[in-house]
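The values are calculated or read from the model by the stated rules, or taken from the named source; none is laboratory data. Please read all numbers here as calculations on a predicted model, not as lab measurements. Every residue, glycine among them, receives a Cβ derived from its backbone with ideal geometry; neighbour counts consider all protein chains shown. Just the protein is used for accessible areas: all its heavy atoms, side chains included, with ligands, DNA and RNA removed. Shrake-Rupley method; radii C 1.70, N 1.55, O 1.52, S 1.80 Å.
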Amino acid sequence: MAPAYKLKYFPSKALGEPIRFLMSYGNIEFEDVRLIREDWPQIKPTMPFGQAPVLEFKGITAYQSIAICRYLAKQVKLTGANDLEDWEIDAIVDTVNDLRGKIAEYFYETDETVKETRKKPVFEQTIPYYMERIEAIAKKNNGHLAAGKLTWADLHFVGILDYLRFMVGKNLIEDYPSLQAMEKTVLNLPGIKEWVAKRPVTVA
């Protein structure tokens, strides 16, 4: 019998890996469909809003990676205990996504002159500004990003971390011990550890 869930994304970790982490953590069997990039022009019109990833289940095609993660987090019991904790989780996930967007704006710039002008502000201002504050939050929360415990915010951050490393060309958390500890915790969770051992090898 085919898995109830089908994830469609490119052959990379990036925005798809937090979703894979959550399903692996919850022992949710899923079909990991890796879209061929050369076929994307034909596939794109079939996607809601022309974007990936999407998660198909129960006749639904769910889109927006963070919304998918939030849904899955409820299924695997990694949300907050109350509305205040859920706000805390959502706030840090949105903050990490803001950082990703700022890095991506630099990384994907095709005009090399413009890209060079963006490099110094991103590396000397933006990244340290965000990382210092995210590290402080993790330290305050006993090695987690919200609510003082393991939540989907941790899985989201660690899931997207290799993509961030790829875009900046270095280990983004090398100077941040609380985030290093959090990464180790997440990668050693049953289910996620098994997924990481068997997943396709990709650079980001």
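Loop-located chymotrypsin sites (Phe, Trp or Tyr not before Pro) across the stretch 96-204 with a Cβ neighbour count of 12 or fewer within 10 Å are Tyr108, with loop assigned by DSSP. The GluC sites (Glu not before Pro) found in the stretch 18-67 that occupy coil by DSSP, while having at most 16 further C-beta atoms within 10 Å, are Glu29.
Between the stretch 25-50 and the stretch 125-203, what is the C-alpha centre distance in whole Å? Each part's Cα centre sits 24 Å from the other's. Counting Lys and Arg as +1 and Asp and Glu as -1 over every other residue whose Cβ lies under 11 Å from the Cβ of Glu109, the net charge comes to -1. Exposed loop sites, defined as trypsin sites (Lys or Arg not before Pro) outside DSSP H, G, I, E and B with at most 15 other Cβ atoms within 10 Å, are absent from the longest region of the chain, namely 78-169. Take the chain with all the other protein chains still there, run a 1.4 Å probe, and you get 53 Å² of accessible area per residue. Measuring between alpha carbons in the structure, the pairs from Lys6/Lys193; Lys44/Lys77; Lys8/Lys170; Lys120/Lys198; Lys119/Lys149; Lys139/Lys193 lying more than 30 angstrom apart are Lys44/Lys77; Lys120/Lys198; Lys119/Lys149.
Exposure check, 1.4 Å probe, all protein chains in place: Asp86 carries approximately 50 Å² of accessible surface.
The apolar share of the surface of the stretch 157-201, taken as the fraction of accessible area on carbon and sulfur atoms (1.4 Å probe, ligands and nucleic acids excluded), comes to 53 percent. What FRET efficiency would be calculated for the residue pair Ile43, Met1, taking the C-beta separation as r and a Förster radius of 25 Å, to the nearest 0.05? After rounding, the FRET efficiency stands at 0.45.
Rolling a 1.4 Å probe over the protein heavy atoms of the stretch 1-127, with every protein chain left in place, gives an accessible area that is 51 percent carbon and sulfur. Hey, quick one: spin label on Phe57, modelled 7 Å out along Cα-Cβ, who in the stretch 184-204 has an amide N within reach, i.e. under 18 Å? Counting only backbone N, you get 191-192, 195. Neighbours of Leu15 by Cβ distance under 12 Å: Lys/Arg scored +1, Asp/Glu scored -1, total +2. Taking θ as phi - 60° and the Karplus parameters 6.51, -1.76 and 1.60, the scalar couplings of the stretch 107-114 work out to 4, 8, 5, 8, 7, 4, 5, 5 Hz in sequence order, x denoting glycine and proline.
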